[in-house]
Each structure stands twice: as C-alpha cells, then as structure tokens.
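The values are calculated or read from the model by the stated rules, or taken from the named source; none is laboratory data. Computed from a predicted structure; not experimentally measured. Here the Cβ positions follow ideal geometry from the backbone for every residue, glycine too, while neighbour counts run over all protein chains shown.
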Amino acid sequence: MNQKILGCILGAAAGDAMGAATETKSARQIQETFGGRVEEFKIPPDDVLAHGRKAGQVTDAFSIPYILTEYLLKEGGKASKELGERALMEWGRTEYFAPFAGMTTRNVVNRLNQEEHMDMWSYIGHLGNKLYKGHYYALSSNGAASKAYPAGLLNGGDIEKAIQDAVELTMTSHDDPYSISGACAVAAAVSEALKENTSVYKIIKAAHYGSIQGERLARARADIWTYPGPSVTKRIEMAEEIAVQSGNREDIITELSEKIGCGPAVAETVPAALGILIVNQGNTMESIYDAVNIGDETAAAACITGAVAGAFNGADSITEGYLELLEEQNQMKLRRQAEEIERIC
C-alpha cells in the first residue's frame, strides 16, 4: 500500500514537473520547440508560465495538493472547506502563487487575505463581476481536479467518502457543480486505483460515477453557484468512446485533443486525462508522456494522469531516480508524506 500511495504522489509530481515545460503549447509547437516528443524533465522555455524555473520543478498543479495534504495530515485526514481555505492561504504565500495562480484561485486567495490592492487579473476575477461569473472557463477550471487526488489517497477503497471529502475541499475555491464533478471523478478514480485487485476498467467506471455523484451533491447545496456549461460526465463518456477504438495510439490521442480538448476547463482536462489512461491501459510513464505532449494544459493533465496511474501501478512504475530528483528540486518530502498517509489510513 505504501508503494501505491507513494506512486500516486510521485506520479502527480512527475507529471506536473514534466508538463510544466510544454504548458500552453500545441502538440506541433512542442515537437518544434524540443525537437520531438518530451519524455524527460526539460528546462521550461521563455514563452511558458514556468519560464525561469529548473527542470523537474513543479507548478501549482502539484504544489497546491501537496500543501493541502500536509494540512489534512495534521487533522488526521479530516477534510473540510475551512481546512482547504487555510491550506490555500498558505499556498498563496509561496513562490508558486505569483506565476501560476489562475483567475479563480487568485481571486479566492486575494479574497481570503482581504487584499485591498488587486492586479488586473484579480480585478477581473472579483466576485460580482458579471463577465467573470458568467464565463464557464473562468470558473470551472482544472485546478479543482488537480488538487482532488488527496481526497482519494486518504480514502483508499472508500469511494463514497472520497467523493464527500472532494466536495468539501473543492468548495474552497470552485463553488460550481462542474468543477466539483471533475474533482470527484479524480478522487474516485484514485480511491479505486489504490485497491489491490482493480483494473483500468474499474478505475474509469469509478471516475464516471464520481462525476455523476459529485455533480448531484453539488446541486443539492444551497451555497453553490450554477450556470450553463458542458457536462463533465458526458465528456468522460465521449473520451471513453474515442479511447477504446482500435488504431494508432498517436492518432487516438490527437482525436482526444481535437474532440475533447485539453484546455483549462475541467470538462476538457479531466476527460482527456482519463482517455489517455485508457489508451495506455494504465501504464504510468506512457500515460504521463502522452499527457505532457497532448498540448495546452499539459501540467494539469499529466498531474492528474500521473496521480491515478501511479496509484494503480505503484512507485516502482515511475522512472528510477525521479523521487530523489523531485524531492531535491522542490524541497518537498514526498516519501515522508506517503508514509504519514499510510499511518493514518
């Protein structure tokens, strides 16, 4: 079990750090920039958000759930919206906030800290701004899903509890049914992946169930913000149909990108990440590589894919030496965190 827990954490970190160099680029631009497919940690080029950082350093996709997990461990694994807010406030004081915080997360951190002076992006995301509140892509972002794997980690095999915890933690920053649906899909997938006798089929079915149940629980709340947008569940179903077809793997990944997309919307990133898992039959590193090279929101997609595949296959499925490299480059204690999770579960 420790290998599965560590595999989830390490897979998420490796996916984020590798995807940091390809973030926002198209699949063709990735090929042109790096001279081919990216299958190792690269120094982020000057035209991506992670520019100036070293190869192997993570972004917000992993640093937020890493800090969130630390807070959950202090509370014995008990999740709450208030705990999520405290973790997010701490993250807002780190080096990751300025370059990586998206509109939704930046707005929430600024509001929690009651900052009077806001930059342009914070102002655009101010609660009450009609353009912001009515824009699906601004609200239902993949940040909700990237930080959802801890809910699955701390509830291995207990999918219902993983979903309930994911709802509470997601409400910290994303108070809409679609974000919660995507987050619960990831939490449920990780929870199922931690079981000893599971399969890619069962993991995807758990994610599908999590998306349905998460949206249902969200819409039953009085403190939820609702607005029109594409269904995460329907998009997962579309991704499944694309991923199970026969044919060249690269062509199928391209089809996922063209039909589902891998942009910042949670209804793109989560289904795309799950589709990649299906195409690669759950193989950890191949799934991470495809997420890193699919284009657009590669750090988030690879973080999600790495977390689920790592939980399924264990830490030994991840390239040797990555654990030590990621711990050193990011000054994070991934092995220690895994051991503490195992102790309280």
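From the residues in region 46-71 that are closer than 20 Å to L88 by Cα and acidic (D, E), which one is modelled with the lowest pLDDT? Across region 46-71, the extreme among qualifying residues is D60. Taken over region 242-286, the residue count meeting the criterion of being more than 14 Å from the chain's Cα centre (by Cα), under 25 Å from H174 (Cβ atoms), crowded, with 17+ Cβ neighbours inside 10 Å and of a type outside the set (A, V, I, L, M) is 3.
How about region 287-296: which of its residues are assigned to a helix (DSSP H, G or I) and buried (at least 24 other Cβ atoms within 10 Å of the Cβ)? Once the filter is applied, which keeps residues that are assigned to a helix (DSSP H, G or I) and buried (at least 24 other Cβ atoms within 10 Å of the Cβ), region 287-296 yields S287, I288, D290, A291, V292, N293.
Taken over region 168-204, the criterion of being assigned to a helix (DSSP H, G or I) and surrounded by fewer than 24 Cβ atoms within 10 Å (Cβ to Cβ) is satisfied by E168, V200, Y201, K202. All but one of (1) within 17 Å of K81 (Cα to Cα); (2) in contact with a His (Cβ under 6 Å, 6 or more places away or on another chain) hold for V167; which doesn't? Every condition holds for V167 apart from (2). Within region 241-265, restricting attention to residues that are among the hydrophobic types (A, V, I, L, M, F, W, C) and at pLDDT 95 or above, the residue that is nearest to T22 (Cα to Cα) is C262. For region 13-65, the tally of residues that are in contact with a Pro (Cβ under 8 Å, 6 or more places away or on another chain), closer than 21 Å to Q331 by Cβ and assigned to a helix (DSSP H, G or I) stands at 1. Applying the set (1) within 19 Å of the chain's Cα centre (by Cα); (2) of a type in the set (G, A, S); (3) more than 16 Å from G7 (Cβ to Cβ) to S191 leaves exactly one unmet item: (3).
Picking from residues in region 288-323 that are over 26 Å from T33 (Cα atoms) and among the aliphatic types (A, V, I, L, M), the one that is nearest to the chain's Cα centre (by Cα) is A307.
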